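What follows is a single structure, written as C-alpha coordinates, with notes after it.
The values are calculated or read from the model by the stated rules, or taken from the named source; none is laboratory data. In this text, all values refer to a predicted model and were calculated from it rather than measured experimentally. Neighbour counts run over all protein chains shown; Cβ positions are idealised from the backbone, glycine included.
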Ligand code: CP
Ligand code: NVA
(Lines give C-alpha, C1' and ligand atoms only; values in the text may rest on other atoms or scores of the structure.)
(Ligands and ions follow the chains in the order given, each with its own letter.)
Protein backbone atom coordinates (compact mmCIF):
# COMPACT_ATOMS: atom_id res chain seq x y z
CA UNK A 1 0.00 0.00 0.00
CA UNK A 2 1.54 3.29 -1.04
CA UNK A 3 1.33 6.53 0.89
CA UNK A 4 -0.85 9.08 -0.87
CA UNK A 5 -3.66 6.78 -1.88
CA UNK A 6 -6.84 8.75 -2.33
CA UNK A 7 -10.21 7.43 -1.13
CA UNK A 8 -12.53 8.93 -3.71
CA UNK A 9 -14.73 6.17 -5.11
CA UNK A 10 -15.03 2.47 -4.32
CA UNK A 11 -14.89 1.57 -7.99
CA UNK A 12 -11.32 2.88 -8.23
CA UNK A 13 -9.99 0.85 -5.28
CA UNK A 14 -9.13 -2.84 -5.73
CA UNK A 15 -11.45 -5.21 -3.85
CA UNK A 16 -8.64 -6.73 -1.80
CA UNK A 17 -7.68 -3.29 -0.48
CA UNK A 18 -11.29 -2.51 0.45
CA UNK A 19 -11.37 -5.90 2.21
CA UNK A 20 -8.18 -5.00 4.07
CA UNK A 21 -9.71 -1.69 5.21
CA UNK A 22 -12.84 -3.47 6.50
CA UNK A 23 -10.78 -6.13 8.31
CA UNK A 24 -8.63 -3.45 9.95
CA UNK A 25 -11.75 -1.57 11.05
CA UNK A 26 -13.10 -4.77 12.60
CA UNK A 27 -9.85 -5.51 14.40
CA UNK A 28 -9.48 -1.97 15.75
CA UNK A 29 -13.12 -1.87 16.85
CA UNK A 30 -12.55 -5.05 18.90
CA UNK A 31 -9.30 -3.72 20.30
CA UNK A 32 -11.00 -0.61 21.65
CA UNK A 33 -13.39 -2.47 23.93
CA UNK A 34 -13.12 -0.98 27.41
CA UNK A 35 -11.39 2.23 26.34
CA UNK A 36 -13.01 5.62 26.97
CA UNK A 37 -14.14 7.35 23.77
CA UNK A 38 -11.52 10.08 23.88
CA UNK A 39 -8.69 7.72 24.78
CA UNK A 40 -6.00 7.17 22.17
CA UNK A 41 -5.62 3.63 20.78
CA UNK A 42 -2.64 2.00 22.53
CA UNK A 43 -0.68 1.75 19.25
CA UNK A 44 -1.49 5.40 18.32
CA UNK A 45 -0.88 4.63 14.64
CA UNK A 46 -1.35 8.23 13.46
CA UNK A 47 0.64 9.93 16.17
CA UNK A 48 2.04 13.16 14.73
CA UNK A 49 -0.31 13.16 11.73
CA UNK A 50 -2.88 15.82 10.84
CA UNK A 51 -6.13 15.63 8.88
CA UNK A 52 -7.89 18.75 7.58
CA UNK A 53 -11.62 18.54 6.92
CA UNK A 54 -13.54 20.83 4.59
CA UNK A 55 -17.33 20.92 4.80
CA UNK A 56 -19.21 22.62 1.97
CA UNK A 57 -22.42 20.97 3.19
CA UNK A 58 -23.96 20.18 6.61
CA UNK A 59 -22.89 17.15 8.63
CA UNK A 60 -23.36 15.55 12.02
CA UNK A 61 -22.00 12.00 11.75
CA UNK A 62 -19.19 12.57 9.29
CA UNK A 63 -17.75 15.53 11.10
CA UNK A 64 -17.82 14.02 14.58
CA UNK A 65 -16.73 10.53 13.55
CA UNK A 66 -13.74 11.77 11.52
CA UNK A 67 -12.66 14.06 14.32
CA UNK A 68 -12.95 11.30 16.93
CA UNK A 69 -11.20 8.92 14.52
CA UNK A 70 -8.15 11.19 14.44
CA UNK A 71 -8.28 11.61 18.22
CA UNK A 72 -8.38 7.83 18.77
CA UNK A 73 -5.56 7.25 16.28
CA UNK A 74 -3.38 9.71 18.15
CA UNK A 75 -3.43 12.40 15.45
CA UNK A 76 -4.75 15.93 15.04
CA UNK A 77 -7.71 17.25 13.05
CA UNK A 78 -8.82 20.65 11.82
CA UNK A 79 -12.42 21.26 10.77
CA UNK A 80 -13.34 24.03 8.35
CA UNK A 81 -16.54 25.20 6.72
CA UNK A 82 -15.99 25.79 3.01
CA UNK A 83 -17.74 29.17 3.14
CA UNK A 84 -15.41 30.38 5.91
CA UNK A 85 -12.35 29.57 3.83
CA UNK A 86 -10.91 31.77 1.10
CA UNK A 87 -12.25 29.03 -1.17
CA UNK A 88 -15.66 30.57 -0.49
CA UNK A 89 -14.36 33.94 -1.75
CA UNK A 90 -12.99 32.63 -5.02
CA UNK A 91 -9.55 31.22 -4.18
CA UNK A 92 -8.97 28.39 -6.60
CA UNK A 93 -9.28 24.74 -5.65
CA UNK A 94 -5.77 24.21 -7.07
CA UNK A 95 -4.14 26.86 -4.87
CA UNK A 96 -6.10 25.59 -1.86
CA UNK A 97 -4.89 22.05 -2.54
CA UNK A 98 -1.26 23.09 -2.88
CA UNK A 99 -1.30 25.24 0.26
CA UNK A 100 -3.09 22.68 2.42
CA UNK A 101 -0.67 19.98 1.25
CA UNK A 102 2.14 21.97 2.93
CA UNK A 103 0.36 21.89 6.31
CA UNK A 104 -1.45 18.58 6.73
CA UNK A 105 -0.98 14.91 5.88
CA UNK A 106 -4.45 14.30 4.43
CA UNK A 107 -7.59 16.20 3.46
CA UNK A 108 -11.18 15.06 3.91
CA UNK A 109 -13.79 16.99 1.95
CA UNK A 110 -17.58 17.03 1.78
CA UNK A 111 -17.96 18.82 -1.52
CA UNK A 112 -20.84 20.28 -3.48
CA UNK A 113 -19.10 19.27 -6.69
CA UNK A 114 -17.45 15.91 -7.24
CA UNK A 115 -15.24 17.48 -9.91
CA UNK A 116 -13.87 19.96 -7.36
CA UNK A 117 -12.95 17.06 -5.09
CA UNK A 118 -11.10 15.35 -7.93
CA UNK A 119 -9.31 18.62 -8.70
CA UNK A 120 -8.28 18.93 -5.04
CA UNK A 121 -6.82 15.42 -5.22
CA UNK A 122 -5.08 16.06 -8.53
CA UNK A 123 -3.58 19.43 -7.61
CA UNK A 124 -2.52 18.61 -4.04
CA UNK A 125 0.16 16.20 -2.93
CA UNK A 126 -1.60 14.54 0.02
CA UNK A 127 -4.37 11.90 0.10
CA UNK A 128 -7.94 13.16 -0.32
CA UNK A 129 -10.93 11.40 1.26
CA UNK A 130 -14.42 11.78 -0.21
CA UNK A 131 -16.82 12.47 2.66
CA UNK A 132 -19.80 12.83 0.28
CA UNK A 133 -20.31 14.63 -2.98
CA UNK A 134 -23.30 15.02 -5.27
CA UNK A 135 -22.17 11.74 -6.88
CA UNK A 136 -21.02 9.38 -4.16
CA UNK A 137 -20.59 8.62 -0.45
CA UNK A 138 -18.00 5.84 -0.21
CA UNK A 139 -17.22 6.19 3.54
CA UNK A 140 -20.90 5.59 4.26
CA UNK A 141 -20.86 2.41 2.23
CA UNK A 142 -17.82 1.05 4.06
CA UNK A 143 -19.71 1.55 7.34
CA UNK A 144 -22.77 -0.15 5.85
CA UNK A 145 -20.71 -3.14 4.72
CA UNK A 146 -19.14 -3.54 8.14
CA UNK A 147 -22.60 -3.36 9.74
CA UNK A 148 -24.04 -5.97 7.37
CA UNK A 149 -21.13 -8.33 8.04
CA UNK A 150 -21.55 -7.91 11.78
CA UNK A 151 -25.27 -8.71 11.66
CA UNK A 152 -25.50 -11.26 8.85
CA UNK A 153 -22.02 -12.51 7.95
CA UNK A 154 -20.24 -12.51 4.60
CA UNK A 155 -21.42 -10.19 1.85
CA UNK A 156 -20.96 -12.32 -1.27
CA UNK A 157 -24.24 -13.49 -2.77
CA UNK A 158 -26.37 -11.72 -0.17
CA UNK A 159 -29.40 -10.09 -1.78
CA UNK A 160 -29.83 -6.38 -1.08
CA UNK A 161 -32.53 -3.89 -2.06
CA UNK A 162 -32.36 -0.11 -2.36
CA UNK A 163 -35.51 2.02 -2.27
CA UNK A 164 -36.27 5.50 -3.57
CA UNK A 165 -33.85 8.06 -4.92
CA UNK A 166 -30.92 6.74 -6.97
CA UNK A 167 -28.65 9.26 -5.25
CA UNK A 168 -25.01 9.52 -4.13
CA UNK A 169 -25.41 6.73 -1.55
CA UNK A 170 -27.09 4.48 -4.14
CA UNK A 171 -24.20 5.04 -6.57
CA UNK A 172 -21.68 3.96 -3.94
CA UNK A 173 -23.88 0.97 -3.04
CA UNK A 174 -23.78 -0.17 -6.68
CA UNK A 175 -19.99 0.09 -6.66
CA UNK A 176 -19.87 -1.90 -3.40
CA UNK A 177 -22.12 -4.61 -4.88
CA UNK A 178 -19.66 -5.12 -7.72
CA UNK A 179 -16.57 -5.06 -5.49
CA UNK A 180 -18.05 -7.44 -2.89
CA UNK A 181 -20.04 -9.57 -5.28
CA UNK A 182 -23.61 -9.29 -4.01
CA UNK A 183 -26.83 -8.98 -6.03
CA UNK A 184 -28.55 -5.61 -5.75
CA UNK A 185 -32.01 -4.54 -6.83
CA UNK A 186 -32.87 -0.85 -6.90
CA UNK A 187 -36.49 0.31 -6.90
CA UNK A 188 -36.39 3.86 -8.24
CA UNK A 189 -39.00 5.79 -10.23
CA UNK A 190 -38.17 7.18 -13.66
CA UNK A 191 -36.15 10.34 -13.33
CA UNK A 192 -34.56 9.18 -10.06
CA UNK A 193 -32.34 6.39 -11.35
CA UNK A 194 -28.67 6.13 -10.30
CA UNK A 195 -25.80 7.52 -12.37
CA UNK A 196 -25.74 6.06 -15.89
CA UNK A 197 -21.95 6.06 -15.74
CA UNK A 198 -21.92 3.97 -12.56
CA UNK A 199 -24.56 1.61 -14.01
CA UNK A 200 -22.46 1.12 -17.13
CA UNK A 201 -19.31 0.53 -15.07
CA UNK A 202 -21.22 -2.08 -13.02
CA UNK A 203 -22.41 -3.81 -16.17
CA UNK A 204 -18.92 -3.78 -17.70
CA UNK A 205 -17.63 -5.37 -14.49
CA UNK A 206 -20.25 -8.14 -14.39
CA UNK A 207 -22.25 -6.62 -11.53
CA UNK A 208 -25.57 -8.26 -10.65
CA UNK A 209 -27.52 -4.98 -10.55
CA UNK A 210 -31.22 -4.75 -11.41
CA UNK A 211 -33.18 -1.52 -11.75
CA UNK A 212 -36.94 -1.64 -11.37
CA UNK A 213 -39.75 0.87 -11.03
CA UNK A 214 -41.82 -1.72 -9.13
CA UNK A 215 -41.44 -1.21 -5.37
CA UNK A 216 -43.11 -4.57 -4.66
CA UNK A 217 -40.47 -6.49 -6.62
CA UNK A 218 -37.23 -5.24 -5.10
CA UNK A 219 -37.44 -6.52 -1.55
CA UNK A 220 -38.55 -10.08 -2.36
CA UNK A 221 -36.09 -12.31 -0.51
CA UNK A 222 -33.73 -9.42 0.27
CA UNK A 223 -31.69 -9.71 3.46
CA UNK A 224 -30.74 -6.05 3.47
CA UNK A 225 -33.18 -3.21 2.76
CA UNK A 226 -31.72 0.28 2.44
CA UNK A 227 -33.11 3.70 1.75
CA UNK A 228 -32.16 7.36 2.12
CA UNK A 229 -33.80 10.75 2.20
CA UNK A 230 -35.90 11.82 -0.77
CA UNK A 231 -34.29 15.27 -0.65
CA UNK A 232 -30.50 15.28 -0.62
CA UNK A 233 -28.49 18.38 0.23
CA UNK A 234 -28.65 20.69 -2.77
CA UNK A 235 -31.73 19.05 -4.33
CA UNK A 236 -34.45 21.27 -5.75
CA UNK A 237 -38.11 20.69 -6.74
CA UNK A 238 -38.88 19.30 -3.32
CA UNK A 239 -42.65 18.98 -3.80
CA UNK A 240 -42.24 16.97 -7.00
CA UNK A 241 -39.66 14.73 -5.34
CA UNK A 242 -41.95 13.95 -2.41
CA UNK A 243 -44.79 13.06 -4.75
CA UNK A 244 -42.71 11.01 -7.20
CA UNK A 245 -40.90 9.05 -4.50
CA UNK A 246 -43.91 8.40 -2.26
CA UNK A 247 -44.63 4.89 -3.67
CA UNK A 248 -41.05 3.89 -2.73
CA UNK A 249 -41.43 4.28 1.02
CA UNK A 250 -39.96 1.43 3.09
CA UNK A 251 -42.80 0.23 5.31
CA UNK A 252 -44.20 -2.95 6.84
CA UNK A 253 -45.58 -4.07 3.46
CA UNK A 254 -42.16 -3.85 1.82
CA UNK A 255 -40.40 -5.51 4.77
CA UNK A 256 -42.93 -8.38 4.83
CA UNK A 257 -41.66 -9.46 1.40
CA UNK A 258 -38.02 -9.38 2.47
CA UNK A 259 -36.23 -12.34 4.08
CA UNK A 260 -37.24 -13.14 7.67
CA UNK A 261 -33.79 -12.17 8.96
CA UNK A 262 -33.68 -8.96 6.89
CA UNK A 263 -32.08 -5.87 8.38
CA UNK A 264 -32.87 -2.24 7.60
CA UNK A 265 -30.17 0.37 6.96
CA UNK A 266 -30.32 4.16 6.53
CA UNK A 267 -27.29 6.45 6.45
CA UNK A 268 -29.23 9.12 8.41
CA UNK A 269 -30.51 11.76 8.82
CA UNK A 270 -33.94 10.11 8.41
CA UNK A 271 -37.42 11.48 7.85
CA UNK A 272 -39.97 9.24 9.53
CA UNK A 273 -43.17 8.98 7.55
CA UNK A 274 -41.39 9.88 4.31
CA UNK A 275 -38.76 7.44 2.98
CA UNK A 276 -39.36 5.05 5.88
CA UNK A 277 -42.10 4.54 8.45
CA UNK A 278 -41.32 4.88 12.16
CA UNK A 279 -42.27 1.26 12.92
CA UNK A 280 -39.51 0.03 10.60
CA UNK A 281 -36.69 2.48 11.36
CA UNK A 282 -37.35 2.24 15.11
CA UNK A 283 -38.21 -1.47 15.01
CA UNK A 284 -36.22 -4.67 15.65
CA UNK A 285 -34.90 -5.01 12.08
CA UNK A 286 -33.27 -1.58 12.08
CA UNK A 287 -29.50 -1.41 12.63
CA UNK A 288 -29.15 2.34 12.02
CA UNK A 289 -27.20 3.16 15.17
CA UNK A 290 -24.68 0.36 14.69
CA UNK A 291 -24.36 1.70 11.15
CA UNK A 292 -23.74 5.24 12.42
CA UNK A 293 -21.20 3.99 14.99
CA UNK A 294 -19.34 2.08 12.31
CA UNK A 295 -18.58 5.31 10.46
CA UNK A 296 -16.01 5.92 13.19
CA UNK A 297 -14.42 2.49 12.90
CA UNK A 298 -14.18 2.29 9.11
CA UNK A 299 -12.93 5.85 8.77
CA UNK A 300 -10.05 5.14 11.12
CA UNK A 301 -8.99 2.35 8.77
CA UNK A 302 -9.58 4.54 5.69
CA UNK A 303 -7.38 7.36 7.01
CA UNK A 304 -4.67 4.90 8.04
CA UNK A 305 -4.81 3.24 4.61
CA UNK A 306 -4.56 6.60 2.82
CA UNK A 307 -1.45 7.38 4.85
CA UNK A 308 0.15 4.01 4.18
CA UNK A 309 -0.12 2.91 7.82
CA UNK A 310 -1.99 -0.32 7.12
N1 LIG B 1 -24.68 9.82 6.99
C2 LIG B 1 -23.98 10.97 6.99
O3 LIG B 1 -23.05 11.20 6.20
O4 LIG B 1 -24.38 11.84 7.97
P5 LIG B 1 -23.97 13.36 8.17
O6 LIG B 1 -24.54 14.12 7.00
O7 LIG B 1 -24.59 13.74 9.48
O8 LIG B 1 -22.48 13.46 8.19
N1 NVA C 1 -28.14 11.59 0.15
C2 NVA C 1 -27.95 12.43 1.30
C3 NVA C 1 -27.02 11.79 2.27
C4 NVA C 1 -26.78 12.55 3.54
C5 NVA C 1 -25.79 11.90 4.44
C6 NVA C 1 -27.45 13.79 0.85
O7 NVA C 1 -26.61 13.85 -0.06
O8 NVA C 1 -27.90 14.80 1.40
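In table form, for the structure just shown:
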item: Test: residue in the stretch 68-78 that is surrounded by fewer than 20 Cβ atoms within 10 Å (Cβ to Cβ), away from ligand 2 (no atom under 16 Å from the Cβ) and touching a residue at least 40 places away in the same chain (Cβ under 8 Å); result: yes
item: All positions within the stretch 110-138 that are within 16 Å of ligand 2 (Cβ to nearest atom) and crowded, with 24+ Cβ neighbours inside 10 Å; result: 110, 111, 117, 129, 130, 131, 132, 133, 136, 137, 138
item: Some residue of the stretch 281-302 being over 20 Å from the mean Cα position of the chain (by Cα), in a strand (DSSP E or B), more than 16 Å from ligand 1 (Cβ to nearest atom) and in the same structural domain as residue 154 (by TED's automatic domain parsing); result: no
item: Subset of the stretch 147-174 that is in a helix (DSSP H, G or I) and surrounded by fewer than 24 Cβ atoms within 10 Å (Cβ to Cβ) - its residue that is farthest from ligand 2 (Cβ to nearest atom); result: 152
item: Subset of the stretch 287-304 (residues that are touching a helix residue (DSSP H, G or I) at 6+ places or on another chain (Cβ under 9 Å) and surrounded by fewer than 22 Cβ atoms within 10 Å (Cβ to Cβ)); result: 287, 288, 290, 292, 293
item: Among the residues listed as 128, 169, the single one being outside the structural domain of residue 215 (by TED's automatic domain parsing) and modelled with pLDDT of 95 or more; result: 128
item: Selection from the stretch 250-269 of residues that are more than 19 Å from residue 186 (Cβ to Cβ), within 13 Å of ligand 2 (Cβ to nearest atom) and touching a helix residue (DSSP H, G or I) at 6+ places or on another chain (Cβ under 7 Å); result: 268
item: Candidate set from the stretch 41-64 (those that are away from ligand 1 (no atom under 16 Å from the Cβ) and buried (at least 17 other Cβ atoms within 10 Å of the Cβ)); member that is nearest to residue 174 (Cα to Cα); result: 52
